[in-house]
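In what follows, a single structure is set out as structure tokens and then discussed.
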Amino acid sequence: MGQGNEPGGAAMGNRLDGIEQRHARPRLTELKAVLEGHRFSVDFETDPLRIVVTRPGDRTGARQTVTCKPRVTDQDRMWFFDEANGEPIAEDTHIVDAAVIIAGNLSPAP
């Protein structure tokens, strides 16, 4: 079940089946906790299952919406994806790596 440039992305949409959702929810919850620990604002949404990350006080309104689903090109291992462009962020077991990438994406330009 991919998105964007992942095979099957457009046709399959953002809905997760029960098994995938059981794996995605705890990983998104862990990622949310790490990001909140670094003072990001994170909203957990359930339909579709995703988190929306913003930097408090950021006047640009920058946000990143993150999903967690199988990556077809990686033997269906669960990955975090940027929902806006369908790009993979990090494998779901790499919570800190994902948080660092998301933080970098939301950092103000120098």
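So, with a 1.4 angstrom probe, what is the percent of accessible area on region 21-110 that is carbon and sulfur? Show your work: numbers first, answer last.
Working: 2400 of 5020 Å².
Exposed carbon and sulfur together represent 48 percent of the surface.
Quote the convex hull volume per residue of region 45-110, based on C-alpha atoms, as a whole number of Å³.
Details: hull volume 6.7 nm³, N = 66.
Convex hull of Cα atoms, per residue: 102 Å³.
Using only the Cα atoms, work out Rg/Rh for region 17-62, with Rh taken as the Kirkwood radius, to two decimals.
When Rh is taken as the Kirkwood radius, the ratio is 1.05.
Quote to one decimal, in nm, the extra length available between residue 44 and residue 78 on full extension: 0.36 nm per residue of separation minus the C-alpha distance between them.
Values: separation 34, 0.36 × 34 = 12.24 nm, distance 1.81 nm.
This chain segment gains 10.4 nm when fully extended.
Suppose each label sits 7 Å from its Cα in the direction of the beta carbon; what would the residue 36-residue 21 distance come out to in nanometres?
Taking the simple label geometry, residue 36 and residue 21 are separated by 2.1 nm.
Calculate, in nm to one decimal, what residue 97 and residue 65 gain on full extension: separation in residues at 0.36 nm each, minus their alpha carbon distance.
9.9 nm is the gain from fully extending residue 97 to residue 65.
The values are calculated or read from the model by the stated rules, or taken from the named source; none is laboratory data. This structure is a prediction, so every number in the text was calculated from the model and none was measured. A quick note on method: Cβ atoms are made from the backbone with ideal geometry, for glycine too, and the neighbour counts reach across all protein chains shown. The accessibility values were calculated without ligands, DNA or RNA, using every heavy atom of the protein model including side chains. Shrake-Rupley method; radii C 1.70, N 1.55, O 1.52, S 1.80 Å.
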